[in-house]
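Quick notes on the structure that follows.
The values are calculated or read from the model by the stated rules, or taken from the named source; none is laboratory data. Predicted, not measured: the structure shown is a model, and the values here were computed from it. Cβ coordinates were reconstructed from backbone atoms using ideal geometry, including for glycine residues, and neighbour counts include every protein chain displayed.
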Amino acid sequence: MIGERVYLSLGCNLGDRLANLRRAVAELRELDRTRLIAYSSVYETEPVGKTDQPLFLNMAVEIETDLEPLELLNAAKAIEGRMGRVLSERWGPRVMDVDIILWGSLTLESEGLIVPHPEFRKRAFVLVPLAEIAPNAVDPLTGKTVAELAADASVEGRVGRKMKLEV
């Protein structure tokens, strides 16, 4: 397959968090026209935005796909739905969240999808795992690498313990 390199952020803070991440990665591995390239360690992180909720587990995933952006978005939302995600309050607790962060050098703004993800540059829970697997990936809007963005002292949220995920 000759496809685009896409970076996803996965996070959850409800249920068996590690099992939820394991299942989401397994489902991404099974997506049509998509190949799993790499996945980061799992990081326990403090919530951002709405802070009175359980700690999150977050990780980054690199895939190669020839799906269109909205097709991948729909597939990600289907994974969340099969895992029991119910849309509730913004930044609220969730059993699974799958966000498209970077899609090669693509910039896209459509209803329901903005690439690069508009918030990723200021979120440690996205940047730290992403820098582990793709430090040299470039944000097409700023020209900065993920490693440079992750090193910025102004990023929000504290990233705690790190563990390996076996899938």
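Can you confirm whether residue 146 is modelled with pLDDT of 95 or more and under 14 Å from the mean Cα position of the chain (by Cα)?
yes
Being at pLDDT 95 or above and touching a strand residue (DSSP E or B) at 6+ places or on another chain (Cβ under 6 Å) narrows it down to one of 133, 114, so name that one. Give the derivation first.
Details: 114 fails: touching a strand residue (DSSP E or B) at 6+ places or on another chain (Cβ under 6 Å).
Among 133, 114, only 133 is at pLDDT 95 or above and touching a strand residue (DSSP E or B) at 6+ places or on another chain (Cβ under 6 Å).
For region 111-121: of the residues being assigned to a loop (DSSP other than H, G, I, E, B) and among the charged types (D, E, K, R), which is nearest to residue 39 (Cα to Cα)?
119
Given the residues 121, 82, which is the only one that is modelled with pLDDT of 90 or more, more than 19 Å from residue 62 (Cβ to Cβ) and in contact with a helix residue (DSSP H, G or I) (Cβ under 8 Å, 6 or more places away or on another chain)?
82
Considering only residues of region 85-102 that are more than 25 Å from residue 5 (Cα to Cα) and of a type in the set (D, E, K, R), which is modelled with the highest pLDDT?
Ranking the candidates gives 94 first.
In region 143-167, what count of residues is obtained for those that are in contact (Cβ under 8 Å) with a residue 12 or more places away in the chain and assigned to a strand (DSSP E or B)?
The total comes to 6.
For region 113-147, which residues satisfy the criterion of being among the aromatic types (Phe, Trp, Tyr) and within 23 Å of residue 68 (Cα to Cα)?
Across region 113-147, the qualifying residue is only 120.
Might you check whether a residue that is surrounded by fewer than 21 Cβ atoms within 10 Å (Cβ to Cβ) and assigned to a strand (DSSP E or B) occurs anywhere in region 122-142?
Taking every residue of region 122-142 in turn, at least one turns out to be surrounded by fewer than 21 Cβ atoms within 10 Å (Cβ to Cβ) and assigned to a strand (DSSP E or B).
Got a sec? Which of 5, 94, 17, 33 is more than 14 Å from the chain's Cα centre (by Cα), charged (D, E, K, R) and closer than 22 Å to residue 125 by Cα?
On the way: 5 fails: more than 14 Å from the chain's Cα centre (by Cα); 94 fails: more than 14 Å from the chain's Cα centre (by Cα); 33 fails: closer than 22 Å to residue 125 by Cα.
Within the list 5, 94, 17, 33, the selection yields 17.
Give all pairs with beta carbons closer than 8 Å in which a residue from region 63-84 that is of a type in the set (Lys, Arg) meets a residue that is crowded, with 19+ Cβ neighbours inside 10 Å; count only pairs at least 6 apart in sequence or on separate chains.
Every condition considered, the pairs that remain are 77/98.
Looking only at strands (runs of 3 or more DSSP E) that fall completely inside region 1-110, which ones have 2 or more residues that are surrounded by 15 or more Cβ atoms within 10 Å (Cβ to Cβ)?
4-12, 34-39, 42-45, 56-65, 97-103
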